[in-house]
1. Scan around V35 for amide H atoms under 5 Å from its own, H built in the peptide plane at 1.01 Å from N, and keep only partners 5 or more places away or cross-chain.
2. Please give the FRET efficiency for Q289 paired with A216, using the beta carbon to beta carbon distance and R0 = 22 Å, rounded to the nearest 0.05.
3. What percentage of the solvent-accessible surface of segment 272-363, computed with a 1.4 Å probe over protein heavy atoms, is contributed by carbon and sulfur atoms?
4. Quick one: which of 180-187, 192-199, 166-173 comes out on top by average Cβ neighbours within 10 Å, and what's the full order, highest first?
5. For segment 353-363, take each phi angle, set θ = phi - 60°, evaluate the Karplus expression 6.51 cos²θ - 1.76 cosθ + 1.60, and give the result in whole Hz per residue in order, putting x for glycine and proline.
6. Which value, in Å², gives the accessible area per residue of segment 13-156 when a 1.4 Å probe is used on the protein heavy atoms?
7. Within segment 49-123, which trypsin sites (Lys or Arg not before Pro) sit in a loop by DSSP and count at most 11 neighbouring Cβ atoms inside 10 Å?
8. Rolling a 1.4 Å sphere over the protein heavy atoms, what is the accessible area per residue of segment 179-311, to the nearest Å²?
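The values are calculated or read from the model by the stated rules, or taken from the named source; none is laboratory data. Since the structure is predicted, the reported quantities are computational estimates derived from the model, not experimental observations. With ideal geometry, Cβ positions are generated from the backbone for all residues, glycine too; neighbour counts draw on all protein chains shown. To get the accessible areas, we keep the full protein, side chains included, count just its heavy atoms, and leave off ligands, DNA and RNA. Shrake-Rupley method; radii C 1.70, N 1.55, O 1.52, S 1.80 Å.
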Amino acid sequence: EKGNHRHFMEKEIHEQPEVIGRTVSHYADAFENSVHEIAGLDFRSASRLIIVGCGTAAYAGEISRYWFGSLARLAVEVDIASEFRYRDPVFLPGDIALFISQSGETADTLEAMRLAAAAGVQTLALVNTPHSTIAREASLVVPTLAGPEIGVASTKAFTSQLSALACLAVLAGRHRGHLDRAQEAGHVVSLLASPGLMVKALEREGEIEALAQEIASHPTVLYLGRNQNFPLALEAALKLKEISYIHAEGYAAGELKHGPIALIEEGLPVIVIAPHDALFDKTRSSIQQVASRGAHVIAITDPEGARALEGEAASIITLPKGSQLTNPLLFASAVQLLAYHVAVYKGTDVDQPRNLAKSVTVE
Ligand code: M6R
């Protein structure tokens, strides 16, 4: 039931602090500030992690690639299932393959998993539906604990996937000797703090709603991000397209000069995911480049970033300061709210957008 909410999507966005708390508590020990071992999962001898999914699930995989790389020095290959299964993928000794799916019934993801299993690769399923086909057929299930997701646009399943992936990356870091005790504890403490920070992020809803009204009248919107914020920009664009039917594109900020900057014209909304992280100055220079060409820049940032961008971005949404692992969770909630409120202004069918099904069981 929707309770006080107008749509399931709105309800599911607001459930996220609880959902990510539940998922992190499943994988991490809040007394030891460590992640639990998972029987049958050993990253020590892994030579590579292959991650496959569709849509939002694939974007969660893309974000985690940065974590497995920097926390565990584990090479990650991410692909969308419909491409992976038909490109005659190369499997190597020591590969582990992870399949991400909310429904556990997505046809392409299931077939990609069957391909990996036939090649003798260990198959992990990161699924939200415990009795689904993908869960049944995988060698090992790593659950997300989002609860049933009704809105066609994935929200809480995505952040639940990110929470679980963050814990798996910490586990891989420990297994592979790249995180010491204190570093592991630091990551776990930040993940345990994420529900509280997300509550604060969701409090920005009023400001986001005001910006949404303005965006609703534009035919095109660009999203920019760097590093782990790049796949989040892709997810943000997908969310807006799905429910508001506005054409949206996500780009890596560093790609601007390789083409997309030609699109910038007076008033074009450019939404930049800009936490004050190690690459903030580079993101800031992208903001300057598009703003000087007339774009209406909406920066989603944190308090330190907001101070730096004062006068440079036309609009600023300030979220609480997160960490490498928690920023995508917080920033996801802001871009979800933005897409949601644009769709509400446009009067679309938010929970059942045209042409889309919740579960894509045929290719
Ligand atoms: O059930 P799955 O996670 O396998 O679904 C994958 C995609 O179909 C899904 O994420 C889709 O992109 C959503 N509508 C995104 O909001």
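1. Placed amide hydrogens put D29 under 5 Å from V35.
2. On the way: r = 26 Å, r/R0 = 1.17.
The calculated FRET efficiency here is 0.30.
3. Details: 1770 of 3630 Å².
Roughly 49 percent of what the probe reaches on segment 272-363 is carbon or sulfur.
4. Values: 180-187: 15.2, 192-199: 20.0, 166-173: 26.1.
Answer by packing, highest mean first, reads 166-173, 192-199, 180-187.
5. 3J(HN,Hα) across segment 353-363, in whole Hz: x, 4, 6, 10, 10, 5, 10, 9, 8, 10, 7.
6. Values: 5530 Å² over 144 residues.
Ligands and nucleic acids excluded, the figure is 38 Å² per residue.
7. On the way: sites: R65, R73, R85, R87, R114; in loops: R73, R85, R87.
Passing both the DSSP loop test and the Cβ count: R87.
8. Details: 5400 Å² over 133 residues.
Using a 1.4 Å probe on heavy atoms only, each residue of segment 179-311 averages 41 Å².
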